[in-house]
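This report refers to the structure that appears directly beneath it.
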Amino acid sequence: ELVRPADAIKHLRMAVAQANDTEPVIYFLLGSALERELRNKEALEAYEKYLELQPNGAQASAVRSVLKRLRREVK
């Protein structure tokens, strides 16, 4: 059975709440899911939180590049 994007986003938001900012990767995954759904303002917030928690993380440079694009699109 395929996971619907809305369900994935709901589960990731629950994971964010439960992880209490100890798992930055959840914000990265949430940002990716939101971005795929064209929910760019929410994706921007999730990616920013990822960078705040994990400024030198494995995905940090990719996230910075995505953030530049999203900031241009979200005004």
| field | Members of the range 56-65 that are outside any loop (DSSP other than H, G, I, E, B) and open to solvent by 30 Å² or more (accessible area, probe 1.4 Å) | value | S61, A62, R64, S65
| Positions within the range 26-55 being hydrophobic (A, V, I, L, M, F, W, C) and open to solvent by 70 Å² or more (accessible area, probe 1.4 Å), in sequence order | L29, L38
| field | Total residues in the range 24-44, condition of a type in the set (S, T, N, Q), over 8 Å from the mean Cα position of the chain (by Cα) and under 14 Å from Q59 (Cβ atoms) | value | 0
| query | Taking the range 16-25 as the region of interest, how many residues are open to solvent by 30 Å² or more (accessible area, probe 1.4 Å) and assigned to a helix (DSSP H, G or I)? | reply | 3
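Of all the residues that make up the range 49-65, how many are closer than 21 Å to P5 by Cβ and either out of contact with any helix residue (DSSP H, G or I) (no Cβ under 6 Å at 6 or more places or on another chain) or at pLDDT below 95 (or both)? Spell out the reasoning first.
Start the filter on the range 49-65 by keeping residues that are closer than 21 Å to P5 by Cβ, which leaves 49-50, 59, 62-63.
Narrowing the set further to residues that are either out of contact with any helix residue (DSSP H, G or I) (no Cβ under 6 Å at 6 or more places or on another chain) or at pLDDT below 95 (or both) leaves 59, 62.
Number of matching residues: 2.
The values are calculated or read from the model by the stated rules, or taken from the named source; none is laboratory data. Just so it is clear, the model here is predicted, and its values are computed rather than measured. Positions of Cβ are backbone-derived with ideal geometry, glycine not excepted, and every protein chain shown enters the neighbour counts. Ligands, DNA and RNA are stripped out before the accessible areas are found, and what is left, the full protein with its side chains, is counted by its heavy atoms. Shrake-Rupley method; radii C 1.70, N 1.55, O 1.52, S 1.80 Å.
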